Amino acid sequence: MINPLQKKILMLALLAGEILLKSGSEIYRVEDTVIKLCKAFRIPYAEVFATTTGIFISLDSGDEALPHTLIRRIKGTGTDLAKISAINSISRELAFSDTEETGSLIEESIRRLEAIRQAPPYRLPVQMLGAAMIASFFTLMLGGVWQDFACALLIGVCSYGFSLFLQHIKLNPYIRYFMACALTAFLSILALRFGPGENLNAIIIGGIMIFLPGLAITNAVRDSLAGDLLAGSARALDAALIAATIAAGVGMVLALWVLAGGVLR
């Protein structure tokens with residue numbers, strides 16, 4: 001049986017792993033961070049197994065007693081690279097720090113991790129600005145003119161704001177992507193039909209760039225190359241489903257517009 005201090009260390013490592021997973025970290029980074037935290041507090045026997053939806057940590061005291069295992073189910077993953085960077089900094093600090101005052105150091109580290117977990121995301125105006133810049137500048141890169149740039153700027157704000165609203169009411173993520181990208185296609189058609197837009201393809205593609213699962217694809221490749229084939233396959237499937245949902249949302253609006261007698265140019 002492990003002592004209360006070792007259990008606190010286990011909870012500290014579990015909290016760090018949970019924050020990393022919910023922030024979009026790679027699986028190998030989660031497992032490596034948990035092991036480093038355990039070794040920093042002189043626990044020689046620690047094993048961790050992480051997937052995209054859970055963390056399993058087993059701690060052994062090294063004697064004949066049974067190991068202690070904790071499981072944490074992970075829901076609601078997203079993307080927050082700032083939190084990943086903050087956890088990495090804490091992990092490196094603890095790895096090279098003097099852990100003689102173990103009790104106080106653990107309590108302080110847990111408080112820091114809780115502060116990171118509860119840290120609010122970027123303010124809404126900043127998020128809206130980012131979405132607008134992504135949509136508009138990708139439209140220019142894809143051959144759009146400055147009129148298309150202006151249209152994509154407004155469409156990016158509207159579609160991303162709509163997506164945040166759907167997220168706030170806890171709608172299924174795939175339905176949220178479908179509806180947000182359908183709105184992007186509809187507004188793009190209106191910009192072409194009644195506004196100054198000239199290149200429909202560039203405006204639509206620029207608008208949906210906000211929702212493309214770039215991080216999921218990258219992590220799927222990195223996890224697979226690191227040998228975590230289960231996590232890599234799960235993330236690749238998730239990215240494929242998101243891409244298919246985005247395509248379905250845009251395709252449905254374009255098809256309905258053509259069926260209603262509209263012209264795409």
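Each value in this text was obtained by applying a stated rule to the coordinates, not by laboratory testing. Quick caveat: nothing in here was measured; it's all calculated off a predicted structure. Every residue, glycine as well, gets a Cβ built from its backbone with ideal geometry; the counts of neighbours run over all protein chains shown.
Pairs of Cα atoms under 8 Å, at least six residues apart: use those to get the relative contact order of the range 4-117, whole percent. Contact order relative to length: 30 percent. Remind me, relative contact order of the range 82-197 in percent, using alpha carbon pairs under 8 angstrom and six or more residues apart? In percent, rounded to a whole number, it is 20.
Shown here for the range 96-168: GluC sites (Glu not before Pro) in loop regions (DSSP other than H, G, I, E, B) with at most 14 other Cβ atoms within 10 Å, namely GLU100, GLU101. Residues of the chain were split at every exposed loop site, defined as chymotrypsin sites (Phe, Trp or Tyr not before Pro) in a DSSP loop with at most 14 other C-beta atoms within 10 angstrom, and the longest piece left, sites excluded, is 123-265. For the pair LYS170 and ILE71 in one chain, pulling the backbone fully straight at 0.36 nm per residue adds 33.1 nm over the alpha carbon distance. Along the Cα-to-Cβ line of LYS7, 7 Å from the Cα, sits a label point; which residues in the range 72-92 have backbone N less than 19 Å from it? What the label zone holds, given the 19 Å backbone N cut-off, is 72-73. Quote the relative contact order of the range 124-259 in percent (integer), defining contacts as alpha-carbon pairs under 8 Å separated by 6+ residues. Rounded, it is 29 percent for the range 124-259. Farthest towards the positive end of the charge dipole of the chain, among the residues ILE210, ALA152, LEU124, is the Cα of ALA152, using unit charges on the Cβ of Lys, Arg, Asp and Glu. Each Lys and Arg adds +1 at its Cβ and each Asp and Glu adds -1 at its Cβ; summed about the Cα centre, the chain shows a dipole of about 840 debye. Pick out which of GLY206, GLY161, GLY76 has the largest mean-square fluctuation in a Gaussian network model of the chain, springs linking Cα atoms closer than 10 Å. The residue that fluctuates most here is GLY76.
From the alpha carbon centroid of the range 236-265 to that of the range 67-131 is 38 Å. Summing Cβ point charges (Lys, Arg +1; Asp, Glu -1) relative to the Cα centre of the range 4-117 gives a dipole of roughly 500 debye. With a/c under 1.5 counting as rounded, go ahead and sort the range 4-117 into rounded, prolate or oblate using the C-alpha gyration tensor (a ≥ b ≥ c being the square roots of the eigenvalues; past the cut-off, prolate if a/b is larger than b/c, else oblate). Here the range 4-117 falls in the oblate category.
Loop-located trypsin sites (Lys or Arg not before Pro) across the range 18-51 with a Cβ neighbour count of 11 or fewer within 10 Å are ARG42, with loop assigned by DSSP.
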